[in-house]
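Report on the following structure.
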2 protein chains.
Amino acid sequence: MAEKRKITLKDIAKELNLSPSTVSRALNGYPSLSEETIQMVKDYAEKHNYIPNTMAVNFRKNRTSILGMIVPQIVHHFFSTTIDGAMETAKKHGYSIILAQSQDMLKDEIRASQHLLGMGVDGLLISVSNETKEAEHLQAFLDEGKPVVQFDKITDYLVSPKLVVDDFQSAYDAVTHLIKQGYRKIAHLSGRMDVKNAHERYKGYRKAIEDHGLEFREDWVKNCWEISEKEGMEFTKELMESGNAPDAIFCITDVVALGAMKHLQSKSIAIPQQVGIMGFSNWMLSDYTSPTLSSVDQHGKAMGSKAAELLIEILKNQDPVTDEFHEIKTELIIRESSQK
Amino acid sequence: MAEKRKITLKDIAKELNLSPSTVSRALNGYPSLSEETIQMVKDYAEKHNYIPNTMAVNFRKNRTSILGMIVPQIVHHFFSTTIDGAMETAKKHGYSIILAQSQDMLKDEIRASQHLLGMGVDGLLISVSNETKEAEHLQAFLDEGKPVVQFDKITDYLVSPKLVVDDFQSAYDAVTHLIKQGYRKIAHLSGRMDVKNAHERYKGYRKAIEDHGLEFREDWVKNCWEISEKEGMEFTKELMESGNAPDAIFCITDVVALGAMKHLQSKSIAIPQQVGIMGFSNWMLSDYTSPTLSSVDQHGKAMGSKAAELLIEILKNQDPVTDEFHEIKTELIIRESSQK
DNA sequence: TTGAAAGCGCTACCAG
DNA sequence: CTGGTAGCGCTTTCAA
């Protein structure tokens, strides 16, 4: 590989009989320089294709213009949209993003945090794993003066700006929609109750049921651990074969809803006529299933974008990291599976 | 934000009455040091939580241990799996990845390349945009001694290792499967003929048709430009309403196949009985459509992983960048849409 | 086995 | 308006 000797600031200075400082200033647009000097330097730099050495600049300024971003999984429609949004905004402000994933395991999240911290990222965007019940590894960022912004899956163990959708309200609205469609016996395939989003959705579900004078039954709530299609199938089977079959199911996320639909269809139970289904997250595939799946869109791209914006704002203004909450509006997407 | 003063190599040296060089050597495991010195330094570093300043190391060594990766889109099942694979392998070798997307536009690809080059990445993994018909912006990496590895969507304008699936053979096999199922009038919703993958698939389709003595008709080949569901619907409509309706359609990718299925279903044409459908790429949703969609899995994760491996290999051995081809095996996934 | 010292490329402070 | 210069933290010769 042919290494091409790169021209440096000093080279330009020597060639132009200027001092390195002057050249630096000219290139970085400082005010107190004569027009002609600036032009001369810029012309020369352009002509000789000068590229500043980023590593030297980073080193000197003690910053990298790189943000770290940790999500549970990259191969996941919602998270990939948040990444998309974060990258777009980061780019706009001259930042790059180094990605890492936790696979929803604390061990991996800690490893990734340390790696990113070691890399010298300027700040961190994170959606924590299901297992994250403490935040020492994140506090380490704050201790080094590097701000952290949490989004979607958050932990209260870290004082930092937090960006979420209103899971409670979204679930409430989704279930209310089912009720308005005439469903009366609504079950819930929920998630782990120690995971905040899941718990909020559960509360929203329950509140909607109770506000509308419907019966709340413990045995109509099933906790999915892996949030998988398989669990959706199995719990739906349990529900339907119990003495008290529901006439609608509100699912913690679309993949669980798919499992529910698969089971019902295998038993020739008509969706939405006999049983209505509501998902959550609005995965891309929800529009392609048969019947199409009603869901709640979380506007992942907007969320990623906003999270990056918050972080960059803190970076630019050297703001202190505070415990503020921000909300992204959700959108109820009504398709076939929930319309009687 | 409370900045905590980080301890440096010099601090350790002073404290231990050693020279910085000795400390550096101790920490980096040089051979010619006494056991006790090494232990003393390591203990001290550990105890005082010494973290080397990556920026200084990068600067000094003139490398970042960061790989650049450019894909057309991140929010795309196949590409997100390649990213997953690349990240996993990169991590294993101590590399990080900075992502960028081209949105399938040359302009954005060039911008991203320059950005990554400026960031000082050690090498580049890229799947080029549809518009990439020259490679100056990629050659710039090679000119600086930074290796480039292309994967999936490649351009011949750059001499570099290339990693692809055998689109020709995969298409040939997929179409052959349709023929064996008894379909005789097979159409093809193809892509842009100036995009290599698309052209290869087209050739595979055509060869399979001809090898089995079936009729090849120009008007059974429709070129999709955006590779969208909408195009899938429209071209399928055209095909079905022409005098010569096909009895199977081989689609350039799954999303086009979904469009085809939507149109057929809107006309109550039975899949796979009346018309068989074959996709390509094996998007996650192919397993959830009704009927489920047969497709070709490209093993994206393996591809990303292998691409990273090739790049890191070059980096480690300082190998020259050569024009070698590597192949990832595909897998024909037969589901309902293609089985009469 | 260890130390001294140079220097990577750049920025920023202090002078003039 | 411009120059001189120190120094960021680390690695790596060269010398001892």
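The table below gives the values:
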item	result
Subset of segment B:318-335 (residues that are open to solvent by 60 Å² or more (accessible area, probe 1.4 Å), more than 14 Å from every other protein chain (Cβ to nearest Cβ), part of a loop (DSSP other than H, G, I, E, B) and not acidic (D, E))	B:K329, B:I334
Residue in segment A:34-43 that is within 14 Å of chain B (Cβ to nearest Cβ), surrounded by fewer than 12 Cβ atoms within 10 Å (Cβ to Cβ) and more than 8 Å from DNA strand D (Cβ to nearest atom) present	no
Test: A:N58 is within 12 Å of chain B (Cβ to nearest Cβ), touching a residue at least 40 places away in the same chain (Cβ under 8 Å) and within 13 Å of DNA strand D (Cβ to nearest atom)	yes
Residue within segment B:191-201 that is open to solvent by less than 10 Å² (accessible area, probe 1.4 Å), touching a residue at least 12 places away in the same chain (Cβ under 8 Å) and away from every other protein chain (no Cβ under 14 Å) present	yes
Hey, A:L311 touching a strand residue (DSSP E or B) at 6+ places or on another chain (Cβ under 6 Å), surrounded by 22 or more Cβ atoms within 10 Å (Cβ to Cβ) and within 14 Å of chain B (Cβ to nearest Cβ) or not	yes
Residue count, segment B:61-105 (criterion: facing chain A (nearest Cβ under 8 Å), within 16 Å of DNA strand C (Cβ to nearest atom) and of a type in the set (D, E, K, R))	0
Among (1) at pLDDT 95 or above; (2) not in a strand (DSSP E or B), the one test that A:K340 misses	(1)
Residue within segment A:248-270 that is open to solvent by 30 Å² or more (accessible area, probe 1.4 Å), closer than 20 Å to A:K153 by Cβ and part of a loop (DSSP other than H, G, I, E, B) present	no
Conditions (1) open to solvent by 60 Å² or more (accessible area, probe 1.4 Å); (2) near DNA strand C (Cβ under 9 Å from one of its atoms): number failed by B:V23	(1)
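Let's see how each residue does on (1) under 23 Å from A:P52 (Cβ atoms); (2) touching a residue at least 60 places away in the same chain (Cβ under 8 Å); (3) away from DNA strand D (no atom under 16 Å from the Cβ); (4) surrounded by fewer than 20 Cβ atoms within 10 Å (Cβ to Cβ):
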{"position": "B:N53", "(1), (2), (3), (4)": "yes, no, no, yes"}
{"position": "B:I70", "(1), (2), (3), (4)": "yes, no, yes, no"}
{"position": "B:M87", "(1), (2), (3), (4)": "no, yes, yes, no"}
{"position": "B:I98", "(1), (2), (3), (4)": "yes, no, yes, no"}
{"position": "B:S127", "(1), (2), (3), (4)": "no, no, yes, no"}
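For (1) in contact with a helix residue (DSSP H, G or I) (Cβ under 9 Å, 6 or more places away or on another chain); (2) within 14 Å of chain A (Cβ to nearest Cβ); (3) not basic (K, R), each residue gets a yes or a no:
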| site | (1), (2), (3) |
| --- | --- |
| B:H137 | yes, yes, yes |
| B:D143 | no, yes, yes |
| B:L163 | yes, no, yes |
| B:D166 | yes, no, yes |
| B:V175 | yes, no, yes |
| B:K180 | no, no, no |
| B:L189 | yes, no, yes |
| B:I209 | yes, no, yes |
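The values are calculated or read from the model by the stated rules, or taken from the named source; none is laboratory data. Not measured: the values here are computed from a predicted model. Because the Cβ atoms are built from the backbone with ideal geometry, glycine has one as well, and the counts that use them run over all protein chains shown. Surface accessibility is based on the protein's heavy atoms, side chains included, excluding ligands, DNA and RNA. Shrake-Rupley method; radii C 1.70, N 1.55, O 1.52, S 1.80 Å.
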